[in-house]
Every structure is written in C-alpha cells, then in structure tokens.
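For reference, the structure is listed below as structure tokens.
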Amino acid sequence: MPRSGVNLKMKTFLALLVLEVSLAGAAEDPAGWNKARWGMTIEEVKAAMPEIKPLRGPVAGRTVTRREIAEWGIDSVAIGDAAWSVLFLFDPEKHLYKVALRPASSVDVSPTLFMATEGLLRRKYGTAFEKSDSFEGEHTRYSLWTLPQTRIALRFSSRARPVPAHSLWLEYSQPRDADHF
C-alpha cells in the first residue's frame, strides 16, 4: 500500500478517535438537580417536584454549612442502591442555588457507598477532578465535576479517632467564581 494511503487512514482514525473521546466526555448539564432548575422559586420547585416538603426538626439535620440551613427537602430518594435525603437551598431572593444530598441513614455512610456513587456520577458526567487530604487523623476524598451551569461535588471523610466516624456529601450547585474544595 502506498505511504499516502496509510497516512490518510491514520489521519481518519485519529480524527474519529478525537471525536469519540470528545463526545464521550460531553455530559449533559443538568442545570439543577432532578426536575429543579437553578433560579427557580420555591413555588416553582414545589410545582416541578411535589414530593418536596418544609423541613421540621432540629437544625443539625438541615445544616449544609455553618451559614446554610435548608428549609425545604425530601426525606428519601433512591440513588443506586442507597436512600439519600435531599436539602434544597434558596438564596435571599428565594431562588434555588444548591441541592445537597446525604445518605438518609448514617449506617449507610461508607467508602463503598462513596465509590458506588462516584461510579454512577462518572458514567453520567465523565471524569472528575479528584483530590485527597489528610489532616490530624481525618482523611477526606473529593471528586468534582464542573459543567457550564452545574458544579457537582462528592466528598467522603473518615476519621479513626477519638471515635470512628464517616461523612458523605453530594452537592449540586451553580458554579461561582470562588468555588473550590
């Protein structure tokens, strides 16, 4: 076979390979979580997801960060083989900006659940940015997917002492300039 034929086949193969890799990595941006979209009001989210309810009970069960306390949520949603509770966060103008999920039962929090959830997210959104930290006996592993309108962060922390404990969070949010782990 003439050399120019080999070059043409190689160029065609490489072009198809690049196209396949770019299509495989092009995840659909959810622009929210489930049927809720960023910027929706509480009333719009309630219309899209009738299962959302006002949250009652101790603040500890509704706290996402020190400054973020959810007033609306869903008790249990199946993701893979696990049940997750869902917390919806609205800005001061009452528009949705973040959805935080955590296992519905602390018994379910484990490295296995982290890896299974990470696998589901990889299949849906592609490769994640990953980071691991260890500090004073606590080990934390992060996976982050940044899409044009949505940032998806999965975090697992474990510590052995003084009392063994694990935590697992999955957050969908609007990307912001200052977003980081």
So T150, is it in contact with an Asp or Glu (Cβ under 8 Å, 6 or more places away or on another chain) and surrounded by 14 or more Cβ atoms within 10 Å (Cβ to Cβ): yes
Test: residue in the stretch 135-152 that is farther than 28 Å from M40 by Cβ and out of contact with any strand residue (DSSP E or B) (no Cβ under 8 Å at 6 or more places or on another chain): yes
Among (1) assigned to a strand (DSSP E or B); (2) small (G, A, S); (3) modelled with pLDDT under 95, the one test that A178 misses: (1)
The stretch 56-67, subset in a helix (DSSP H, G or I) and exposed (fewer than 10 other Cβ atoms within 10 Å of the Cβ), residue modelled with the highest pLDDT: V59
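Evaluate the following for S105: is it surrounded by 11 or more Cβ atoms within 10 Å (Cβ to Cβ) and over 22 Å from P30 (Cβ atoms)?
Values: surrounded by 11 or more Cβ atoms within 10 Å (Cβ to Cβ): yes; over 22 Å from P30 (Cβ atoms): yes.
The answer is yes for S105.
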3 or more residues of a type in the set (S, T, N, Q) and without any contact (Cβ under 8 Å) to a residue 40 or more places away in the chain: qualifying strands (runs of 3 or more DSSP E) within the stretch 80-162: 138-146
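Regarding S22, is this residue small (G, A, S), closer than 29 Å to R123 by Cα, modelled with pLDDT under 95 and loosely packed, with under 10 Cβ neighbours inside 10 Å?
Details: small (G, A, S): yes; closer than 29 Å to R123 by Cα: yes; modelled with pLDDT under 95: yes; loosely packed, with under 10 Cβ neighbours inside 10 Å: yes.
Considered against the rule, which asks whether it is small (G, A, S), closer than 29 Å to R123 by Cα, modelled with pLDDT under 95 and loosely packed, with under 10 Cβ neighbours inside 10 Å, S22 comes out as yes.
Here is a list: A70, A78. Which entry is under 19 Å from the mean Cα position of the chain (by Cα) and exposed (fewer than 12 other Cβ atoms within 10 Å of the Cβ)?
On the way: A70 fails: exposed (fewer than 12 other Cβ atoms within 10 Å of the Cβ).
A78 is the lone residue from the list that is under 19 Å from the mean Cα position of the chain (by Cα) and exposed (fewer than 12 other Cβ atoms within 10 Å of the Cβ).
For the condition of a type in the set (A, V, I, L, M, F, W, C) and exposed (fewer than 11 other Cβ atoms within 10 Å of the Cβ), what is the one hit in F135, F114, F129? Please lay out each step first, then the result.
On the way: F114 fails: exposed (fewer than 11 other Cβ atoms within 10 Å of the Cβ); F129 fails: exposed (fewer than 11 other Cβ atoms within 10 Å of the Cβ).
Going through F135, F114, F129 in turn, just one is of a type in the set (A, V, I, L, M, F, W, C) and exposed (fewer than 11 other Cβ atoms within 10 Å of the Cβ): F135.
The values are calculated or read from the model by the stated rules, or taken from the named source; none is laboratory data. Because the structure is predicted, anything quoted here is derived from the model rather than measured. All Cβ positions, glycine included, derive from the backbone under ideal geometry; neighbour counts span all protein chains shown.
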